[in-house]
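In what follows, a structure is listed as structure tokens, so that the remarks can point back to it.
The values are calculated or read from the model by the stated rules, or taken from the named source; none is laboratory data. Because the structure is predicted, anything quoted here is derived from the model rather than measured. For neighbour counting, all protein chains shown are included, and Cβ atoms are generated from backbone atoms with ideal geometry for every residue, glycine included.
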Amino acid sequence: MKDLSGTEPYLSITVELSSGRSRRCVSEWIGTMTSDAAIPGLHTVREALHTWRDNYKFSVLLASIVILLVLYPIFEANYVGEWSLQVLTTLLLVSAVYALADSWPKFVAGVFIALCALVTGWLSAFWHMPGLTLVSNGITLLFFVFSTITILSSVLRNRTISLDTIYGGICVYLLMGLTFGMFFFLLDTLIPGAIYPFPIPGTNQMVTFSDHIYYSFYTMTTLGYGNVVPISPTARTGTLFCAVCGVLYVAVLIAWLVGGLATQVGKRDS
């Protein structure tokens, strides 16, 4: 009988080389099938998608934020209020992730945080667990902070001011309002009575999520109606930062836009 024990290393090397060639051939075949030459018009589609992303990414985000701010207060008083919030928040998170697609690390981080917010948000909508709702709101707040900072840095890095860049600046301002609104909502959940509506005779008032968004925006614009007031020290500190950030951002944004447009006009004239 022939001894084959000495051929085992040779056989294993041969199998490894064969599997390596197979994997290389499969990868080359996949690359060939997905190339622009194999699929007519693929290059045109890719270019169109890149152009759409570069020119309209902030427009889509702005539209989703406006839809949330306009529609949710209308549906909040009805039985579909919680579901409408989840649907509108999902639309906002997806459009925000789409706006982050120009940077791969930021896009991956945004997708991860958004998925966590969406999963916990929809589970809390089905199961009505206070702890899960609190976690969902906390993750959503984290995503708002991440998106605001990331989009602001992306807007300020643009040397050419386009209409979509201006939309991006507006998105940052609205995201700031949503971020502070979510912060006040979480604070009022953890510390009941931290944000309190001014009592109106004959009404039984409760502070809702849209009330916190409303309070956030009228604080950022320094309107100061006084119908919702901060009670706890933490709420007052958050209100202070909200007002300062709102005023400073508008001043910085206008100065940046004027300076950038002046530079563009000067280059165009020269």
| message | Condition check: under 29 Å from LEU257 (Cβ atoms) and out of contact with any Cys (no Cβ under 6 Å at 6 or more places or on another chain). Does SER124 satisfy that? | response | no
| Quick check, is GLY138 under 29 Å from THR239 (Cβ atoms) and either buried (at least 21 other Cβ atoms within 10 Å of the Cβ) or touching a Ser or Thr at 6+ places or on another chain (Cβ under 7 Å) (or both)? | no
| task | Keeping to the stretch 124-165, report how many residues are of a type in the set (Phe, Trp, Tyr) and either touching a helix residue (DSSP H, G or I) at 6+ places or on another chain (Cβ under 7 Å) or in contact (Cβ under 8 Å) with a residue 24 or more places away in the chain (or both). | result | 3
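Report whether or not ILE166 is under 17 Å from the mean Cα position of the chain (by Cα) and at pLDDT below 95.
Values: under 17 Å from the mean Cα position of the chain (by Cα): no; at pLDDT below 95: yes.
No: the conditions fail for ILE166.
Each row is one residue, and each column tells you yes or no for (1) modelled with pLDDT under 85; (2) under 22 Å from ASN158 (Cα atoms); (3) assigned to a helix (DSSP H, G or I).
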| site | (1), (2), (3) |
| --- | --- |
| TYR225 | yes, no, no |
| ARG236 | no, no, yes |
| LEU248 | no, yes, yes |
| THR263 | yes, yes, yes |
| ARG268 | yes, yes, yes |
| query | Any idea how many residues of the stretch 138-166 are more than 21 Å from TYR218 (Cα to Cα) and assigned to a helix (DSSP H, G or I)? | reply | 20
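Filter the stretch 132-159 down to residues that are of a type in the set (S, T, N, Q) and under 12 Å from the mean Cα position of the chain (by Cα) and give me whichever is nearest to VAL119 (Cα to Cα).
Ranking the qualifying residues of the stretch 132-159, first place goes to THR140.
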| said: Checking the structure you have, find out if any residue of the stretch 209-218 is part of a loop (DSSP other than H, G, I, E, B) and modelled with pLDDT under 90. | reply: no
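Based on this model, can you work out whether THR179 counts as part of a helix (DSSP H, G or I) and among the polar types (S, T, N, Q)?
Values: part of a helix (DSSP H, G or I): yes; among the polar types (S, T, N, Q): yes.
For THR179, the condition - part of a helix (DSSP H, G or I) and among the polar types (S, T, N, Q) - is met.
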| query | Taking the stretch 92-115 only, how many residues are of a type outside the set (D, E, K, R) and crowded, with 17+ Cβ neighbours inside 10 Å? | reply | 11
| message | Residue pairs, Cβ under 7 Å, 6 or more apart or interchain, first in the stretch 227-238 and hydroxyl-bearing (Ser, Thr, Tyr), second part of a helix (DSSP H, G or I) and surrounded by 14 or more Cβ atoms within 10 Å (Cβ to Cβ). List them. | response | THR234/LEU187
| query | Here is a list of conditions, (1) buried (at least 21 other Cβ atoms within 10 Å of the Cβ); (2) more than 21 Å from LEU91 (Cα to Cα), and PHE180 meets all of them except one; can you say which number that is? | reply | (2)
| remark: Every listed condition ((1) crowded, with 17+ Cβ neighbours inside 10 Å; (2) not in a helix (DSSP H, G or I)) holds for LEU253 save (2)
| query | With respect to the numbered conditions (1) closer than 27 Å to LEU248 by Cβ; (2) of a type outside the set (D, E, K, R); (3) at pLDDT below 95, which one is the sole condition not fulfilled by ILE113? | reply | (3)
